[in-house]
Amino acid sequence: MTETHGNQILELAAASMDLEAASAAAEQLGGTLYADEREDFRRLPFRALVTAATDDLAALWEVGDVGVYVVYRRLVKPGIPGLIGLFPMVRHPDLSHGESDAHWRDVHGPLALEHHAAMTHYTQLSVVANLAGLRLDGFALCGFENEYDLRNRFYTGPESVEVIAQDVRQFADPGNSPARLLAREYRFGADA
């Protein structure tokens, strides 16, 4: 299942609580693993997200104990992430997925680049189909050089906090969107 358009690609994704199984699936499929390896994970919606340009849905189904998705990967800011703030997103209840996604892509993406200056990498995974489990509309992958930058330099300045929060409320439902993960990225296959 590979369809590319410039810096965009259609992939399968699975959210899992099982880090070991998710890692094995990512390696088997030559995909990417985003893993939150913190010991205290009780409040996390999942611990790992596996993405792969593959037609092997069964392999992802096995590890997708939280959810399985078809996602459209949009690279907004290329770079090498150190630590990723992985934000699962539920769309604003008054918007269709398409309306929410268009705002996220066309308005929020450029705004995020302006107000998250320390961000080294930014990718949007737009969920185009929820195949099983937790219903989501997207995953924002915000890369930073280290945990200090992610926690303390996420915003360019004090005014950026409100600008971003206000914009997120235009297309997403922050109250119903699951908690963010602090993830490391592991690439397998040709792009590793």
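Given the options ALA24, ALA13, ALA48, which has the most mean-square fluctuation in a GNM of the chain, springs set between C-alpha atoms less than 10 angstrom apart?
ALA24
What shape does region 29-94 take by its C-alpha gyration tensor, where a ≥ b ≥ c are the square roots of the eigenvalues and a/c under 1.5 counts as rounded, a/b above b/c as prolate, and the rest as oblate?
rounded
Please label the shape of region 121-192 as rounded, prolate or oblate, based on the square roots a ≥ b ≥ c of the eigenvalues of the alpha-carbon gyration tensor (a/c under 1.5 means rounded; beyond that, a/b larger than b/c means prolate, else oblate).
oblate
Angle between the Cα long axis of helix 158-171 and the longest principal axis of the chain, 0 to 90 degrees, nearest 10?
60
Helix-only mean residue ellipticity at 222 nm, the chain, DSSP H runs n ≥ 4 weighted -39,500 (n - 2.57), per residue, nearest 500. What is it?
-7500 deg cm²/dmol
Using a Gaussian network model of the chain with C-alpha springs under 10 Å, which one of ALA132, ALA58, ALA172 is most mobile by mean-square fluctuation?
In the Gaussian network model the winner is ALA58.
Could you identify which residue out of GLU39, GLU159, GLU62 has the top mean-square fluctuation in a GNM of the chain using Cα springs shorter than 10 Å?
GLU39
With a 1.4 Å probe and all protein chains kept in place, how much accessible area does ASP149 have, in Å² rounded to the nearest 10?
20
Going by the alpha-carbon gyration tensor, a ≥ b ≥ c the square roots of its eigenvalues, is region 68-124 rounded (a/c under 1.5) or, if a/c is not under 1.5, prolate (a/b greater than b/c) versus oblate?
prolate
Would you mind working out the accessible area per residue for region 1-92, using a 1.4 Å probe, and quoting it in Å²?
Result: 46 Å² per residue.
On a 0 to 90° scale, report how tilted helix 19-29 is relative to the longest principal axis of the chain, with both axes built from alpha carbons and the result rounded to the nearest 10.
With both axes taken from Cα atoms, the answer is about 70 degrees.
Carbon-plus-sulfur fraction of the accessible area of the chain, 1.4 Å probe, in percent?
50
Along the charge dipole of the chain, pointing to its positive end and built from +1/-1 on Cβ of Lys, Arg, Asp and Glu, which listed residue (GLN124, ILE9, VAL66) has its Cα farthest out?
GLN124
Just to confirm a number: summing +1 for Lys and Arg and -1 for Asp and Glu over residues other than ARG153 whose beta-carbon lies under 12 angstrom from that of ARG153, what do you get?
Local charge sum for ARG153: -2.
The values are calculated or read from the model by the stated rules, or taken from the named source; none is laboratory data. Remember, predicted model here, so these are calculated numbers, not experimental data. All Cβ positions, even for glycine, are placed from backbone atoms using ideal geometry, and neighbour counts span all protein chains on display. Just the protein is used for accessible areas: all its heavy atoms, side chains included, with ligands, DNA and RNA removed. Shrake-Rupley method; radii C 1.70, N 1.55, O 1.52, S 1.80 Å.
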